[in-house]
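Visitor: Below: one structure in structure tokens.
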Amino acid sequence: MAVGKTFTVEKFCPICEKKFRVVKTRSRQLVTERDEDGCTHFADFNPYYYTVWVCEHCGFAADEDTFTKKIPDRHLTILKAVLLTKNIKIPFVEERTLGEASTAFRLALKYLDLIHGKASKKAKYAHQLAWIYRLAGDKTQENEFLTKAVVNYEEALMRESFPIGELTDNAVVYLVAALYNRLGERQKATTYLSKLISDKGVREREPRIYDKARDLWGDMRASSRKK
């Protein structure tokens, strides 16, 4: 790990109610490239490894937002029943390996399944884990989690109200198209892109999404002509 890229702080776990250590990344990192689905490439360090926090005492794993906001009582009951009876301990490390980062995300996804968490959150975790595998050069695992991400993004579009944070429904439609394109499902990608490009409201209200959709459409057409 490059010196100065991270720092360690103590946080409070809402499940076991103990303090645990968290490695946080500094905001300024050298960016070398950005993919069409939002994956950012960094020069010599991968901050995605530290997106999911893991309590070293009980094994609860989630993103910072989950740890710092109040977890509903019904979810706490379920999580405590599982975690506090199994004596799960995850060793704290200051520098995560690919395997440790993957474990953190997989645990977070597992706990979301336990509480029947929102599809949008599952999609976010799966998408970011796919990025980790992409940057590590593991295409098989990348595609597995891109598939999980796109399925959950589609479910979120059907069942959830937007915006979710800064994510609009049109932004998710674009992401679904981008992921299907990466997975080789060009027809599905085209169907979603056409919804954005043909919608005058998207062009007026969310020109950035509209432009990204047009760019991806152009890239796909250029790619098909080369074949």
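Visitor: Which strands (runs of 3 or more DSSP E) does segment 1-43 wholly contain that include 3 or more residues that are open to solvent by 30 Å² or more (accessible area, probe 1.4 Å)?
Guide: 6-12, 19-25, 31-34
Visitor: Pairs only if they're at least six apart or on different chains, beta carbon under 6 angstrom, first in segment 167-184 and under 14 Å from ASN152 (Cα atoms) and open to solvent by 10 Å² or more (accessible area, probe 1.4 Å), second not in a helix (DSSP H, G or I) and not aliphatic (A, V, I, L, M); list them, first residue then second.
Guide: ASP169/PHE162
Visitor: Where in segment 183-227 are there helices (runs of 4 or more DSSP H), lying fully within it, with 1 or more residues that are of a type in the set (Phe, Trp, Tyr) and within 24 Å of the chain's Cα centre (by Cα)?
Guide: 186-197, 207-226
Visitor: If we only count helices (runs of 4 or more DSSP H) wholly inside segment 86-165, which ones have 2 or more residues that are open to solvent by less than 70 Å² (accessible area, probe 1.4 Å) and of a type in the set (Val, Ile, Thr)?
Guide: Of the helices (runs of 4 or more DSSP H) lying wholly inside segment 86-165, those with at least 2 residues that are open to solvent by less than 70 Å² (accessible area, probe 1.4 Å) and of a type in the set (Val, Ile, Thr) span 139-159.
Visitor: Here is a follow-up. Please go through segment 91-107 and pick out each residue that is under 13 Å from the mean Cα position of the chain (by Cα) and among the aliphatic types (A, V, I, L, M).
Guide: The answer is ALA101, ALA104.
Visitor: Being over 27 Å from HIS41 (Cβ atoms), within 17 Å of the chain's Cα centre (by Cα) and of a type in the set (Lys, Arg), is that true of even one residue in segment 108-119?
Guide: yes
Visitor: Hey, does segment 49-67 have a residue that's under 30 Å from LEU183 (Cα atoms), of a type in the set (Asp, Glu) and open to solvent by less than 50 Å² (accessible area, probe 1.4 Å)?
Guide: yes
Visitor: Inspect segment 94-107 for any residue being at pLDDT 95 or above, under 25 Å from LEU175 (Cβ atoms) and among the charged types (D, E, K, R) and give the result as yes or no.
Guide: Within segment 94-107 (the criterion being at pLDDT 95 or above, under 25 Å from LEU175 (Cβ atoms) and among the charged types (D, E, K, R)), the answer is yes, since at least one residue qualifies.
Visitor: I've got another one for you. If the Cβ limit is 9 Å and pairs must be 6+ apart or interchain, which residue in segment 46-57 that is touching a residue at least 12 places away in the same chain (Cβ under 8 Å) and among the aliphatic types (A, V, I, L, M) pairs with which residue that is part of a strand (DSSP E or B) and open to solvent by less than 20 Å² (accessible area, probe 1.4 Å)?
Guide: Between residues of segment 46-57 that are touching a residue at least 12 places away in the same chain (Cβ under 8 Å) and among the aliphatic types (A, V, I, L, M) and residues that are part of a strand (DSSP E or B) and open to solvent by less than 20 Å² (accessible area, probe 1.4 Å), the close pairs are VAL52/ALA61; VAL52/ALA62; VAL52/ASP63; VAL54/PHE20; VAL54/VAL22; VAL54/ALA61; VAL54/ALA62.
Visitor: Please verify whether LYS80 is exposed (fewer than 15 other Cβ atoms within 10 Å of the Cβ) and either in contact (Cβ under 8 Å) with a residue 24 or more places away in the chain or not in a loop (DSSP other than H, G, I, E, B) (or both), treating the condition exactly as stated.
Guide: Taking the combined requirement at face value, the residue does not satisfy it.
The values are calculated or read from the model by the stated rules, or taken from the named source; none is laboratory data. Being a predicted model, the structure only gives us computed values, none of them experimental. Because the Cβ atoms are built from the backbone with ideal geometry, glycine has one as well, and the counts that use them run over all protein chains shown. Please note that ligands, DNA and RNA were not included when accessible areas were found on the heavy atoms of the full protein model with its side chains. Shrake-Rupley method; radii C 1.70, N 1.55, O 1.52, S 1.80 Å.
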